[in-house]
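*Asks:* Encoded as structure tokens, here's the structure I'll be asking about.
The values are calculated or read from the model by the stated rules, or taken from the named source; none is laboratory data. Remember, predicted model here, so these are calculated numbers, not experimental data. We place every Cβ from the backbone using ideal geometry, glycine too, and count neighbours over all the protein chains shown.
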Amino acid sequence: MTAHAAETDSVIPPMPERTPKALRRAIAQHTPELLPDFDAHWMRAIADAYNLGPVPAFLALWWGEYALARDPELDKYVRDLEHRAAYECTDTAEAKALLEEAAKIHHRVRELEPGE
């Protein structure tokens, strides 16, 4: 991720603490376009829950979404891979390769630690 930031001369904000509150604060500050969906998902899946079991899955999903969105170049690249696979590829093997590349990036950003 750091090498990518150097290439674009943009400052990519570090990942926050791995808590819903810290993640929401980072989204509000750095990627506010995600905030309505984050809040709606929280209200639908977590807010009135008596069981906190869904919180880790919620956090993992939004951790990855924020990790991509905070880096506009990487986000654009991944969305382009997905778009090409879904709408432009006529070859199944090529579409699969594009989706595998996008999935690797999604997986990698979900593994980021706070501060990275």
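*Asks:* If only one of 84, 70, 44 is under 30 Å from residue 17 (Cβ atoms) and either of a type in the set (Val, Ile, Thr) or at pLDDT 95 or above (or both), which one is it?
*Replies:* On the way: 84 fails: under 30 Å from residue 17 (Cβ atoms); 44 fails: either of a type in the set (Val, Ile, Thr) or at pLDDT 95 or above (or both).
The match here is 70.
*Asks:* What is the residue count in region 79-104 for residues that are of a type in the set (Val, Ile, Thr) and crowded, with 18+ Cβ neighbours inside 10 Å?
*Replies:* Quick first cut of region 79-104, residues of a type in the set (Val, Ile, Thr) only: 90, 92.
In the following step, the residues that additionally are crowded, with 18+ Cβ neighbours inside 10 Å were identified as none.
Here the count works out to 0.
*Asks:* Right, next: For a quick check of your reading of the model, give me the residue pairs whose first member lies in region 44-61 and is touching a residue at least 24 places away in the same chain (Cβ under 8 Å), whose second is assigned to a loop (DSSP other than H, G, I, E, B), with beta-carbon atoms closer than 7 Å and at least 6 apart or on different chains.
*Replies:* Note: pairs meeting the criteria are 46/54; 59/18.
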